[in-house]
Every structure is written in structure tokens, then in C-alpha cells.
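Right, one structure below, let's go through it.
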Amino acid sequence: MNSATPARPHTRSQALQQRAERFFPGGVNSPVRAFGAVGGAPPFVERAEGAGLTDADGNRYIDYFGSWGPMILGHAFPPVVEAIQRAARNSASFGASTAAEADLAERVVASYPAIEKLRFVSSGTEATMSAIRLARAATGRKIIVKFEGCYHGHSDGLLVKAGSGVATFGIPGSAGVPEEIAHLTLALPYNDLAAVEAAFAAHPGAIAAVILEPVVGNAGCIAPAAGYLAGLRALTQKEGALLIADEVMTGFRVALGGALELYGVDADLVTLGKIVGGGLPVGVFGGKRCFMDLLAPLGPVYQAGTLSGNPLAMAAGLATLRYLQEHAAEVYPQLEATAKAVAEGVAAEAARAGVALILNRVGSMWTWFFTAGPVTDYAQAARSDTDAFGRFHRAMMEQGVWLPPSQFEAAFLSTAHGEAEVATTISAAREAFKTTGANTSLM
Ligand code: HOZ
């Protein structure tokens, strides 16, 4: 922030936060919203349109977290708004099947050859939890391999060495998860195929599945090394374990067919969420028919949900996927160009200011890590200067640029972000690097 710039008012947001603290632990309904890792009062959002958020004090922000991923077409995208309004006129929920469920499933399957059959649920957590249950039932095995810094929602077995808020707040797993359950999860370093080979050798015939974010978003953005995903695919096939690609964050984001399309790999099960619901609560787990048909009522694996396939959520998802699929040839190159311009533009400002910063980017998701080293796994990400990130975050917020409030979360943008947003963001970063420090590490 320029020293001449008056501080933005935050009184309404602060009052709303105090009120919220009476009702919600930490004043929030999801921990990462509390800004605990970056400091500063979290603004309360009043409305959003396109690339912009407006808070309760009337401050405007360029949004680089996009509801943590779903808002790929920008906020209040008219076809999505109209689809929700049309659906709501017919009632918000039936608890019975509608044609829209198969309409949306058709679009998911069209972009994901790995998915032959699927189930809609209401969150990514439900999707990954159900995929794990299915993998255990299909293999008759108990152990799950995950990777340090990957976050697959908050079900008991998947919180071990997790990313996102678990990494942000430095929580070593979670209280309340019985050891017996945590011991069934092996957390290995990401991008290290030899570690996975060693795990299979140490637990012969006991590993049910390997689950990963094929591009990590929840330790900050980390891309898979060349050959890593194909190596995991070959290894799981050889060992009779299932490969679960958790594309809740990357699905319809890094390409229409997500990371599986981008890197040309297959998986046994895939989980999706965020974009597939167009901003409403939707998760998906799907994959090979032989596994999916183990689910009740066809098979013995139980999974259910009153609001699964909710008509409003299906309508929002359909409007979003229809637009993405019909305009893919323009949308994805545009997202790539805009993300490249803003991510590299800010990195260049850091270099000019002498600030050590590593940019990791895959399409329209990226992270500026405040570290000098490369970041290819969680251990390297964790070496980042999180205090410096916090100062940068606060300086950007004061200039109207809302980044995800943690070093261990990916930034996203939408088709509504354009040259004006890019230019404003780069000049805000220039100011932020000036006022928050100009050495190899910010202050
Ligand atoms: N997967 C999202 C963060 N990486 C979820 C956001 C939240 O935890 O609220």
C-alpha cells in the first residue's frame, strides 16, 4: 500500500466477525476463512460479480480464490444465475430422481473417459470418503496411500499429514481421529515414486488404493514431475490397488478433462467437486463400472444422501459445464494467458524487488511461494517464509486484491479476469514488495 493511500474501512466486517464468534467456533464455518495464518480481519462478503468481490464496508477486491475453485466463469455468471432461478421455481429439493442428474452426468462422462458411472454427493469430502470405501470393498484391503500436503476433505482417514487448513494451522492430523484409523493411512512424499514402490514392498497385498491430487492445490500449487502420474498408474495396476485421482480442485480447471486429460493418464476412480457444481454444493465420485456397481442398491457398499443430485445444484452445474464444453476452445487458452500474465507479472516484480519467490503454475491455478528453493513436495513448500506471505497478503488486501489467505492454498482466476485486473494486481504487488520488504525474504 502506498503510504499516501488511506486505510480501507473495516468496521462493519469487524462487527460482523464479533457477532459470528458468538455462534461459530472462530467465527467461521470453515477454518481457512478465519485469516488465522495471514492476520488482518477477514472481510465479510456482501456480493460478487465477475472478478470482483464487495465487502460489508463497500470495499472492492479482485478475487483470486474464486470460492476456492468453483467460480471459473466469474461470479453471478448470468446463465448460471438464470438456471438456478428456473430450477428454484420448481422447488428446491425433492429427494427423488430428476432428469437433470443424468443430464449433468452425461456432461461429466463426456469430459472424463475414466468415468463410466458416477454418483453425485454434496461435497468433495463425501466424494473422497466414498471412493475410499469403494476401493477397500473392491480389493478387500485396508491400507490407503496418500501424499503429504494433499488434502482430500476432512474424513477421519484422510486428515493424516493433510494440506489446506491442516497445514495452514500446523495441526499434525486431527484430534478425534482414532489411532487405529490413522494407522491405516500411509502418508508419503509427493513426486517420489520410489517411496510408493517401497510402501507396496513393505505392505504386500494390503494397500487398497493410492489417492492423490494429480496437481496439488492444497499445499500450494505443485505440479507432478514428468512420468510421476504414469508411474503411479503402472504401479497400482501391477500391485492390484486402485488409483484414485482427486480432481475436486483440478477437474474442469486445468483442462476440460482435468489433470487426467492434461497429463494423459487413466485412473480407476475419480473424485470431482467445485466447478462441477457451478458454485453450489456438489461432489462426484465415479470410475470404472466394475467398481461403481458395487454400490447399493446393486451391491454391498452403502452410500447415500438426501440432497445428493439436488436440482438447484444440478442446474448450476449443467449451466457451467455446458458453457465450458461449448466454449472450451476459447475458455482454456484465455485462462492460461491471463493466469500466465498475472502470475509471471507478480513474480517479475518480486525479482525486481529482490524478494525470493518461486512461482508454481498449472493453467489457471498457481502459488507464489516465499522461498528461494524449488517446490516439488510439501516439505519444500513448508520451508516458505509464511510470515512474509502474511505481510504480502495484508498489503495486497489493503490494495483491493484478495489472495487465498494461506501459503498452502492455490490461487485461481476466472474468465471474468482481464487485462485491467492483471495490471492492477501487478502494480499492487509492486507496492506490496516495496513497503513490506526488499530483501531476499520480506522483512
Ligand atoms: N479445498 C478447499 C481449500 N483448499 C476448501 C476450502 C475450505 O476448507 O473451506
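The values are calculated or read from the model by the stated rules, or taken from the named source; none is laboratory data. The structure presented is a predicted model; accordingly, all values stated were derived computationally and were not measured. Note that we place each Cβ from the backbone using ideal geometry, even for glycine, and neighbour counts take in every protein chain shown. Quick note on the areas: whole protein, heavy atoms, side chains included, nothing else; ligands and nucleic acids left out. Shrake-Rupley method; radii C 1.70, N 1.55, O 1.52, S 1.80 Å.
Among the candidates Gly66, Gly40, single out the residue that is closer than 15 Å to Pro404 by Cβ and more than 14 Å from the ligand (Cβ to nearest atom).
Details: Gly66 fails: more than 14 Å from the ligand (Cβ to nearest atom).
Gly40 is the lone residue from the list that is closer than 15 Å to Pro404 by Cβ and more than 14 Å from the ligand (Cβ to nearest atom).
Cβ-Cβ contacts under 6 Å between residues 6 or more apart (or on different chains), taken from a first residue in segment 1-18 that is more than 18 Å from Ala428 (Cβ to Cβ) to a second residue that is in a helix (DSSP H, G or I) and at pLDDT 55 or above, are listed as Gln17/Gly27. Scan segment 209-226 for residues that are open to solvent by less than 10 Å² (accessible area, probe 1.4 Å) and assigned to a loop (DSSP other than H, G, I, E, B) and the total you get is 6.
Within segment 359-410, the set of residues being of a type in the set (Asp, Glu) and within 16 Å of the ligand (Cβ to nearest atom) comprises Glu409 only.
Give segment 106-147 a look and list any residue that's open to solvent by 60 Å² or more (accessible area, probe 1.4 Å), over 19 Å from Leu295 (Cα atoms) and among the small types (Gly, Ala, Ser), or say none. Across segment 106-147, the qualifying residue is only Ala110. Which one of the conditions (1) within 26 Å of Lys288 (Cβ to Cβ); (2) within 16 Å of the ligand (Cβ to nearest atom); (3) surrounded by fewer than 24 Cβ atoms within 10 Å (Cβ to Cβ); (4) not hydroxyl-bearing (Ser, Thr, Tyr) does Ala234 fail to meet, given that it meets all the rest? Result: Ala234 fails condition (2) only.
Looking for something in contact with a Cys (Cβ under 9 Å, 6 or more places away or on another chain) and in a loop (DSSP other than H, G, I, E, B) - is there at least one such residue anywhere in segment 111-130? Explain how you work it out, then say what you get.
Step one: list which residues in segment 111-130 are in contact with a Cys (Cβ under 9 Å, 6 or more places away or on another chain), which gives 116.
Add one more test, that the residue is in a loop (DSSP other than H, G, I, E, B), and what stays is 116.
Yes, segment 111-130 contains at least one residue that is in contact with a Cys (Cβ under 9 Å, 6 or more places away or on another chain) and in a loop (DSSP other than H, G, I, E, B).
Just to be sure, is Pro178 more than 16 Å from the ligand (Cβ to nearest atom) and not hydrophobic (A, V, I, L, M, F, W, C)? Show your work before the answer.
Working: more than 16 Å from the ligand (Cβ to nearest atom): yes; not hydrophobic (A, V, I, L, M, F, W, C): yes.
For Pro178, the condition - more than 16 Å from the ligand (Cβ to nearest atom) and not hydrophobic (A, V, I, L, M, F, W, C) - is met.
For segment 295-354: of the residues being among the hydroxyl-bearing types (Ser, Thr, Tyr) and assigned to a helix (DSSP H, G or I), which is most open to solvent (accessible area, probe 1.4 Å)?
Step one: of segment 295-354, the residues among the hydroxyl-bearing types (Ser, Thr, Tyr) are 302, 306, 308, 320, 323, 332, 338.
Restricting the remaining residues to those that are assigned to a helix (DSSP H, G or I) gives 320, 323, 332, 338.
Numbers: Thr320: 5, Tyr323: 68, Tyr332: 36, Thr338: 18 Å².
Checking each candidate, the answer is Tyr323.
Would you say Thr424 is open to solvent by 40 Å² or more (accessible area, probe 1.4 Å), over 30 Å from Leu188 (Cβ atoms), modelled with pLDDT of 95 or more and in contact with a strand residue (DSSP E or B) (Cβ under 9 Å, 6 or more places away or on another chain)? Give the derivation first.
Working: open to solvent by 40 Å² or more (accessible area, probe 1.4 Å): yes; over 30 Å from Leu188 (Cβ atoms): yes; modelled with pLDDT of 95 or more: yes; in contact with a strand residue (DSSP E or B) (Cβ under 9 Å, 6 or more places away or on another chain): yes.
So Thr424 fits the description; yes.
Selection of segment 34-78 for residues being assigned to a helix (DSSP H, G or I), at pLDDT 95 or above and out of contact with any Leu (no Cβ under 8 Å at 6 or more places or on another chain) yields Ser67, Trp68, Pro78.
If only one of Gly74, Gly69, Gly58, Gly95 is at positive phi and touching a helix residue (DSSP H, G or I) at 6+ places or on another chain (Cβ under 7 Å), which one is it?
On the way: Gly74 fails: touching a helix residue (DSSP H, G or I) at 6+ places or on another chain (Cβ under 7 Å); Gly58 fails: touching a helix residue (DSSP H, G or I) at 6+ places or on another chain (Cβ under 7 Å); Gly95 fails: touching a helix residue (DSSP H, G or I) at 6+ places or on another chain (Cβ under 7 Å).
So the residue among Gly74, Gly69, Gly58, Gly95 that is at positive phi and touching a helix residue (DSSP H, G or I) at 6+ places or on another chain (Cβ under 7 Å) is Gly69.
Taking first residues from segment 244-269 that are farther than 17 Å from Tyr323 by Cβ and among the aromatic types (Phe, Trp, Tyr) and partners that are open to solvent by 10 Å² or more (accessible area, probe 1.4 Å) and outside any loop (DSSP other than H, G, I, E, B), the Cβ contacts under 6 Å between residues at least 6 apart in sequence or on separate chains come to Tyr263/Leu229.
Filter the helices (runs of 4 or more DSSP H) completely within segment 139-208 down to those with at least 3 residues that are out of contact with any strand residue (DSSP E or B) (no Cβ under 6 Å at 6 or more places or on another chain) and basic (Lys, Arg). Steps first, please.
Working: elements: 165-168, 179-182, 193-202.
Ranges flagged: none.
Within segment 386-425, being assigned to a loop (DSSP other than H, G, I, E, B) and under 17 Å from the mean Cα position of the chain (by Cα) holds for Leu403, Pro404, Pro405, Ser406, Gln407, Phe408, Glu409, Ala410, Leu413, Ser414. Picking from residues in segment 355-387 that are closer than 17 Å to Thr435 by Cα and touching a helix residue (DSSP H, G or I) at 6+ places or on another chain (Cβ under 6 Å), the one that is most open to solvent (accessible area, probe 1.4 Å) is Leu357. Scanning segment 245-274 for residues that are closer than 25 Å to Leu295 by Cβ and within 13 Å of the ligand (Cβ to nearest atom) yields Asp246, Glu247, Val248, Met249, Thr250, Gly251, Thr271, Leu272, Gly273, Lys274. In segment 272-291, the qualifying residues are those that are open to solvent by 10 Å² or more (accessible area, probe 1.4 Å) and in a helix (DSSP H, G or I), and the one that is farthest from Arg253 (Cα to Cα) is Cys290.
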